[in-house]
1. Based on the mean of other beta carbon atoms within 10 Å per residue, what is the order of 158-165, 190-197, most packed first?
2. Please give me the summed charge of the neighbours of Arg295: other residues whose Cβ is under 14 Å from its Cβ, Lys and Arg +1, Asp and Glu -1.
3. Please list, ordered by chain and number, the residues whose modelled amide H lies under 5 Å from the amide H of Thr139; skip anything fewer than 5 residues away on the same chain.
4. Starting from the 7 Å offset along Cα-to-Cβ, what nm value, one decimal, do you get for the label separation of Ile288 and Thr191?
5. Just from the alpha-carbon atoms, what are the Rg and Dmax of the range 204-338 in angstroms?
Amino acid sequence: MMQIQKLGFFTVLLLTLSLAACGPAESVQPPLPTNTPVPTFTPTPEVVVAPVDPAVAATAQAQATSDAAQGSQVVSQPPTEQPAAEQPAPPAEPTATETPAPPADPAVVTNQGMNVRSGPGTNYAVIGSATAGQRFIVTGKNPQGDWWQVNFNGQNGWVFGPLVSAQNTGSVQVAANIPAPPPTAVPAPPTATPVPPPPTAPPEPVAPPEPVAPPAPRYKFNIAVVGRCDPNGGVTYVQGKTYVGGVPQSGDWSVAFSYAPDGPIVASIKAGPHLNYEGWDQGFYSHILQSDGPREGNWFFWVVDPAGNRISEMANVRTDGQAGDGKCQQAVVDFDSR
């Protein structure tokens, strides 16, 4: 109440001073006396203060203090970038050790169809054949190095070097089991054929020319013919007949054979019937070369007189040591006198 009265008094005083300052100094008139108002007593209403719990007030005060401290300590700083942790390098993978490939077997590949033989030469027997492009493992070579020993169906075979392509054969050694070469075959002499004289120019037509007689044959049996030779796995033999003028005939002659032309006679037998031999008719003979299977060889046959002199042309037969189609083990050789 006292504050309100003081406020009203100072307000009136300030208003009066403001009005006095606005006018000229010479026109200022002394203020008229006014009645001073008497202060009026205004009863102040009683404020009721609610009781405060000291524990609640202390908790609120501590919370406010903590919030103020946190507000004053918060400083905006740029985030510090942490260095990235170094990652350990992955362990190196072990290097795989390459296992060297084993050396390839020595081999040959055939360039064309060819024979496979029992030894290093064309004089050895044929044991089979190979077609172009076949591959064989090499087991040896001959001393000259122009034939290869190969594994041919489980047995030793030989192929001619210029007809095959060799692979990895630099270390191949000379074979230790080279078979001995077979006996050298002696070619049969050519059969003499009567040669007629060359034609002559006709003489002047006086008289017809006289016929020229062919030369007389050198031997009594001037024809020697190998009729055929068939396969026979059980026995190897040669048989035939002696003819005179195309007719089977026996006489004082025999049929002989040898390993060479005119060579040492291995055996001879009289042509014609033999006691206790059925089927041995006129001029028939037979020579058994091997009675228990095929026999390989080159044989020469001719007719001899009682003194062993040759009286015929010569026939040549080559037999095979293996049985089968196309092989020769039973031959027919005939002689004729014309």
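1. Details: 158-165: 17.2, 190-197: 9.1.
Put in order of decreasing packing, that is 158-165, 190-197.
2. Working: positive: Arg318, Lys327; negative: Asp292, Glu296, Asp320.
Combined, the nearby Lys, Arg, Asp and Glu give -1.
3. Gln149, Val150, Asn151
4. About 2.9 nm, to one decimal.
5. Cα only, the range 204-338: 17.9, 70 Å (Rg, Dmax).
None of the figures in this text is laboratory data; all of them are computed from the coordinates on show. The structure displayed is predicted, hence computed values, not measured ones. Cβ: placed from backbone, ideal geometry, glycine included. Neighbour counts: every protein chain shown.
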